[in-house]
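Reviewing the structure listed below.
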Amino acid sequence: MKVGMQKVNDNEWLIQMGNAIVRLDRFTTHLLRISLKYGAQTSANKSHALLRSYLGMTRKLDSLAPNDWSKLLDHVDRQDLRIWLCLVEDSKLKNRALDKLGHAAEAQMREDMANIRLPDENAQKEAIFRFIKRIYELEDEGEIEFFYEKSAYL
């Protein structure tokens with residue numbers, strides 16, 4: 001049985017399993033990789049592995065262009081942003097996001113993070129999922145841009 005992935009263009013992949021071929025965009029491909037990687041752990045009563053994987057996908061924000069932070073923050077849901085800020089463990093990334101909010105919004109967000117309880121784990125997963133989906137949508141629409149070390153422009 002053949003199993004494989006092939007990149008078609010910047011945002012399109014072909015996934016082949018046996019005779020079945022599916023075209024997926026980049027976001028869905030990342031979710032498929034996470035699902036396959038952590039499927040066994042989730043069934044072994046480690047459901048937090050999926051949430052950690054979603055949070056790992058947000059590490060992409062380390063490469064976000066500095067001028068695009070404000071565009072991103074304008075287009076994401078504030079509750080999803082708050083949940084992400086509470087769960088992300090990278091203090092440098094967290095502080096960069098909070099600094100880009102602006103002084104008043106940053107103070108309000110810090111107060112919300114300290115005083116408002118996080119929802120249950122399923123609601124956290126849904127919020128982080130919406131957050132990263134929005135990141136990928138904004139990138140695909142050309143609203144925000146990421147600069148990676150291996151990026152090359154002609």
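The values are calculated or read from the model by the stated rules, or taken from the named source; none is laboratory data. All figures in this text were calculated on a predicted structure; none of them were measured in a lab. Counting neighbours? That spans all protein chains shown, and the Cβs are built from the backbone with ideal geometry, glycine included. For accessibility, only protein heavy atoms count, side chains too; no ligands or nucleic acids. Shrake-Rupley method; radii C 1.70, N 1.55, O 1.52, S 1.80 Å.
Summary table
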read-out: Condition met for TYR136 (part of a helix (DSSP H, G or I), in contact with a helix residue (DSSP H, G or I) (Cβ under 6 Å, 6 or more places away or on another chain) and not hydrophobic (A, V, I, L, M, F, W, C)); value: yes
read-out: Hey, GLU126 open to solvent by less than 40 Å² (accessible area, probe 1.4 Å) and either among the acidic types (Asp, Glu) or touching a residue at least 60 places away in the same chain (Cβ under 8 Å) (or both) or not; value: no
read-out: Filtered residues of segment 63-75 (kept if surrounded by 18 or more Cβ atoms within 10 Å (Cβ to Cβ) and either within 14 Å of the chain's Cα centre (by Cα) or not in a helix (DSSP H, G or I) (or both)); value: LEU64, LEU72
